[in-house]
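Participant: Just dropping this structure here.
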Amino acid sequence: MKASRKLSTLALLLTAAMLFTLVFTACTKANTPAEPTEPKADTTAADTTPEQTDETSDTESTDSIYIAAFSKGFQHKFYVSEQEGMQAACDEYGATLTFEAPDASNQNINAQIELIEAALGRNPSALLIASFDATAIAPTIEQATEQGVAVFTFDNTSNSDKIVGHYGTDCKAAGALAAEKMAEAIGYEGEVAIVSIDQVSNGPVDRRDGFVEYMEANCPNIKIVDIQYNADDALKSLDICTSYLLNYENLKGIYACSQSCSEGMIQAIEEQDRVGDVVLIGFDSGAIMQNAVRNGTMLGAITQDPYMMGYLSAKAACEYVLNGVVPEEVINDSGSVFYTKDNIDTPEVQKMLYE
Amino acid sequence: MESKKTHSSIQANSKKELMRKLFAVLTLAAMIAFFSLASKNFLTFKNVVTILQSCSITGLLALGMTFTIVAGGYDLSMGTVLSATGVILANAIVNWGFSVPVAILFTIVVGAAFGLANGLLISKMKLQPFIATLGIMMVAKGLAVIISKATVIYIDGYGGFSQLAGGSVLESLIGLKIPNSILIFLVFAVIGSLILKKSIFGRYIFAIGSNEEASRMSGLNTDNWMTLVYVTAGIFSALGGIMMTSRLDSAQPAIGSGYEMDAIAAVVLGGTPLGGGEGSIWGTVLGVLVMGVLLNGLRMLSVKQEWQTIITGVIIILAVYVDQRRRTKKD
């Protein structure tokens, strides 16, 4: 009986909220996309519009806007840093944040789209998306935009022109930075090989292409002999890099485009007793990579700034929803840096690294 | 008269098995010949070691998988139980203060427990192996992420643990730098083969695999034996997890998903058909080698990855088709 009363109260409140929203959106259409319902319709009167908040209880005041973020996973600390950055921005604006990703068994675009579609039913103010597939995510972005939900992307870009803003590493610039450092380290000539995650994710593709294009444009005497992919599996990267070391006797350097790629690469050169023979440049961080940079196994690595990706994208979303501020540029670089033995322990670099 | 019949059918079986083994050996030999001609770096000591080393982890899974397939099922949870046990092992060493041998034993017990869960779901609760092991696969995957707190657990040479897979006992004995992981795989292949071929347990596995109902009618406690089959697979998953963790000197919660499919492919390539009642560990070893040689050879030829995947798929289909056709003809 108690439950049924709760339910009917909830239904009543919902109806009231919907009516209220209707009236309000009609009046304040120019302002912001309105926010009719909250993500967690629990037992209390959670279904409040921002305007209702003032009239009801002050405990609800933090729930004025709702940002729904969709990452690619949680198996790396990288995603945790993204979430921390988002949370910091949302705290500044008193926004509610949800952070979702497909579980490790469903690391694909379809699982992600399902999560987003489910979230759209909860009427978020804005979406933050780091998609698996730039093309496949586009219809979902368009669908959300049509519903009046502002869409921002972080980390991975999309092929949709409907997004309000993107905050991520300019991966081509990062790849080019790796190429520049590699060229310098091997004396602007010789053979290099690349190991990357896959051939479809935007980030890894750009990290690879930035490197390849820099070499083609600036280093006629450097030859990229092979590019293989590890499907984000350190063990596969280990096998791939071992075969590079055995197959190309004159190999001067290997560039690894991700954490798992780099970890396998480091293990390969240690197993083959070739530390010092071949210049290694990695991407991202983690305890194994930091250790390898400190002890000289790996020359250095490019790191992105996941915290800033999360922070900047969530901040932009809050500004847009609350104050109608549209970012000046659609694509924004959240920054990257090349860390080596020499700068790894400086505060500015340590802030970007994770164990 | 009945015993005569089974005797002759066992003889026919072993003859068929010999033929199938021969076929797998020929496939392997043809591949090695091709890649040796195509790449001068293929048939070198170091590269052969590399192939065997990369075979040893999925190889351990394939050995365990052979038991389940001969018994008429399969274990889809092997890949993620590998990740979960690897993560548990690394945690036990780094965070829980276990000594390395105790941590290894503990990990094997955990692997057996996953197997026990699979086994009970299949034998007592009568779930199909597909559903039961799919469920446990997901449970293990989630647990790996929870226990690792979604990060790579770095062992950093603690207690010489990386020497387990990466060190070389053979180097000090015979001067050849063959990593222990290869040796460990071969030792377990011998043990697995003895169990499957020579033990009562092995004989019951074949009996249950060819006709579970008949085995039950003849008084066999099929439920218990079936459970033991999956416990065995769980232990092999844990062994894979231990070797993976040792080789990378770290546990990676993301590694392992999909390895069960490589294991199934290797078992089937080795002439153990899905459906049960037939098969051998040595066939599986050959199947694992075929997969390893193929992957490494294509890499050494710098074949683009998308083509590597397609070629591997086509070869699995071709090999199993030819094997199957030859078998039905004989029958």
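Participant: Being surrounded by 19 or more Cβ atoms within 10 Å (Cβ to Cβ) and more than 8 Å from chain A (Cβ to nearest Cβ) is the filter; apply it to the stretch B:149-164 and report the residue that is nearest to B:Ile255 (Cα to Cα).
Facilitator: Of everything passing the filter in the stretch B:149-164, B:Ile153 is nearest to B:Ile255 (Cα to Cα).
Participant: Looking at (1) in contact with a Ser or Thr (Cβ under 6 Å, 6 or more places away or on another chain); (2) assigned to a helix (DSSP H, G or I); (3) among the charged types (D, E, K, R); (4) more than 13 Å from A:Ala256 (Cα to Cα), find the lone condition where A:Lys162 falls short.
Facilitator: Here A:Lys162 meets the rest and fails (2).
Participant: Right, next: Say we look at the stretch B:194-232 and pick out the residues that are of a type in the set (Gly, Ala, Ser) and crowded, with 19+ Cβ neighbours inside 10 Å; which of these is nearest to B:Met65 (Cα to Cα)?
Facilitator: B:Gly209
Participant: Check B:Ser168, B:Ser181 and return the single one that is under 19 Å from B:Ala238 (Cβ atoms) and within 14 Å of chain A (Cβ to nearest Cβ).
Facilitator: The match here is B:Ser181.
Participant: Further question: In the stretch B:75-83, is there at least one residue being more than 23 Å from B:Leu248 (Cα to Cα), away from every other protein chain (no Cβ under 12 Å), at pLDDT 95 or above and buried (at least 24 other Cβ atoms within 10 Å of the Cβ)?
Facilitator: yes
Participant: While we're on this one: Cβ-Cβ below 8 Å, separation at least six or inter-chain, first residue in the stretch B:236-258 and farther than 17 Å from B:Val102 by Cα, second part of a helix (DSSP H, G or I) and of a type in the set (Asp, Glu): which pairs?
Facilitator: B:Leu248/A:Glu263; B:Ser250/A:Glu263; B:Gln252/A:Glu263
Participant: Please go through the stretch B:37-57 and pick out each residue that is part of a helix (DSSP H, G or I) and either basic (Lys, Arg) or away from chain A (no Cβ under 14 Å) (or both).
Facilitator: Listed by number, the residues that qualify are B:Leu37, B:Lys46.
Participant: Go through the residues of the stretch B:102-118 one by one and say whether even a single one is over 30 Å from B:Ile200 (Cβ atoms) and in contact with a strand residue (DSSP E or B) (Cβ under 7 Å, 6 or more places away or on another chain).
Facilitator: The answer is no, given that none of the residues of the stretch B:102-118 is over 30 Å from B:Ile200 (Cβ atoms) and in contact with a strand residue (DSSP E or B) (Cβ under 7 Å, 6 or more places away or on another chain).
Participant: Give me a count of the residues in the stretch A:79-135 that are within 14 Å of chain B (Cβ to nearest Cβ) and either crowded, with 18+ Cβ neighbours inside 10 Å or not acidic (Asp, Glu) (or both).
Facilitator: Final tally of qualifying residues: 14.
Participant: For the structure I just gave you, tell me whether B:Pro101 is surrounded by fewer than 20 Cβ atoms within 10 Å (Cβ to Cβ) and not aromatic (Phe, Trp, Tyr).
Facilitator: Considered against the rule, which asks whether it is surrounded by fewer than 20 Cβ atoms within 10 Å (Cβ to Cβ) and not aromatic (Phe, Trp, Tyr), B:Pro101 comes out as yes.
Participant: Please verify whether the stretch A:315-323 includes one or more residues that are in contact with a strand residue (DSSP E or B) (Cβ under 8 Å, 6 or more places away or on another chain) and among the aromatic types (Phe, Trp, Tyr).
Facilitator: Yes, the stretch A:315-323 contains at least one residue that is in contact with a strand residue (DSSP E or B) (Cβ under 8 Å, 6 or more places away or on another chain) and among the aromatic types (Phe, Trp, Tyr).
Participant: Identify, please: which residue in the stretch A:243-275 is part of a loop (DSSP other than H, G, I, E, B), at the interface with chain B (Cβ under 9 Å from one of its Cβ atoms) and free of Cβ contacts under 8 Å to residues at least 40 places away in the same chain and is, among those, farthest from the chain's Cα centre (by Cα)?
Facilitator: Of the residues in the stretch A:243-275, the ones part of a loop (DSSP other than H, G, I, E, B) are A:248-250, A:257-258, A:272-274.
Of the ones still in play, those that are also at the interface with chain B (Cβ under 9 Å from one of its Cβ atoms) are A:248-249, A:272.
Next, only the ones that are free of Cβ contacts under 8 Å to residues at least 40 places away in the same chain stay: A:249, A:272.
On the way: A:Glu249: 37, A:Gln272: 34 Å.
This residue is A:Glu249.
Participant: Could you run through the stretch A:296-345 and say how many residues are assigned to a loop (DSSP other than H, G, I, E, B) and within 24 Å of A:Cys257 (Cβ to Cβ)? Quick ask: steps written out before the conclusion?
Facilitator: Start the filter on the stretch A:296-345 by keeping residues that are assigned to a loop (DSSP other than H, G, I, E, B), which leaves A:296-299, A:305, A:324-330, A:334-335, A:341-345.
Next cut, within 24 Å of A:Cys257 (Cβ to Cβ) only: A:296-299, A:305, A:334-335, A:341-344.
Selection size over the stretch A:296-345: 11.
Participant: Looking only at residues that are of a type in the set (Phe, Trp, Tyr) and more than 10 Å from chain A (Cβ to nearest Cβ) in the stretch B:230-282, which one is nearest to the chain's Cα centre (by Cα)? Step through it out loud before you land on a result.
Facilitator: So the first thing to find is which residues in the stretch B:230-282 are of a type in the set (Phe, Trp, Tyr), and the list is B:230, B:236, B:259, B:282.
Retained after the next criterion (residues that are more than 10 Å from chain A (Cβ to nearest Cβ)): B:230, B:236, B:282.
Values: B:Tyr230: 13, B:Phe236: 7, B:Trp282: 11 Å.
So the residue we want is B:Phe236.
The values are calculated or read from the model by the stated rules, or taken from the named source; none is laboratory data. A quick note: this is a predicted structure, and the numbers were derived from the prediction, not measured. Quick reminder, even Gly has a Cβ in these numbers, built from the backbone with ideal geometry, and neighbours come from all protein chains shown.
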